[in-house]
Each structure stands twice: as structure tokens, then as C-alpha cells.
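**Student:** Just dropping this structure here.
A short reminder: the numbers here are calculations on the coordinates, not readings from a lab. What you see is a predicted model, and the numbers here were worked out from it, not measured in a lab.
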Amino acid sequence: MKAQKTEPARMPEYRISESESMQYKLLYQIRMGNMSTSELDKLQFLCKSELHELRSELDAMLQELRDMNKQMQGKNENHTEKDKESIAA
């Protein structure tokens, strides 16, 4: 079995994208002009940071899937070679 990467324990972070109601509240506040420039800047920074984090997580998951696919392909090739050898014998 493949050794998993150990990451430092982190407290779960709040994500804007996980709360649909929060998204709607923020959209309403923005559309109504109830957010100051500094609040909008902070929101933009949070969204940008969250997007970067989500992309990183997606990249890691895709790499894991690629690794699993390579392992499966290797196993399938080994079985195919063994099958050919047993048929030839």
C-alpha cells in the first residue's frame, strides 16, 4: 500500500463556496452597494485564496487518480503477460 502524505493537522477552514446561503447573502450585499471598498477587497482576497486552495486540492486528487491508473495499468499488463505465458506453455 502506498504511504500517504502526512500534513500538519489543521483546523477546518471556513469556505465561502460551501455555504450557498452565504453566497446569496454576499451577492445581495454587493448588488445593494452595502459593502465598502475595503470589505470588497477582503472578500476578493478570500475568494482568490479559496480558489487557489481548491485548485491545489484538485491537482492533488488528479495526481492520486493518475497514480492509481498507472498502478492499475501495470497490474493489467502483468496479468496479460502471465496469461500469454500460460497459454504458450
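**Student:** Using the Karplus equation 6.51 cos²θ - 1.76 cosθ + 1.60 (θ = phi - 60°), what ³J(HN,Hα) coupling, rounded to whole Hz, does each residue of segment 14-23 give in order, writing x for Gly and Pro?
**Tutor:** Once rounded to whole Hz, the list reads 6, 10, 4, 5, 8, 10, 5, 5, 5, 4.
**Student:** Using θ = phi - 60° and the Karplus relation 6.51 cos²θ - 1.76 cosθ + 1.60, list the HN-Hα couplings for segment 29-35 in order, rounded to whole Hz, with x at every Gly or Pro.
**Tutor:** For segment 29-35, the Karplus curve yields 4, 5, 5, 7, x, 8, 10 Hz.
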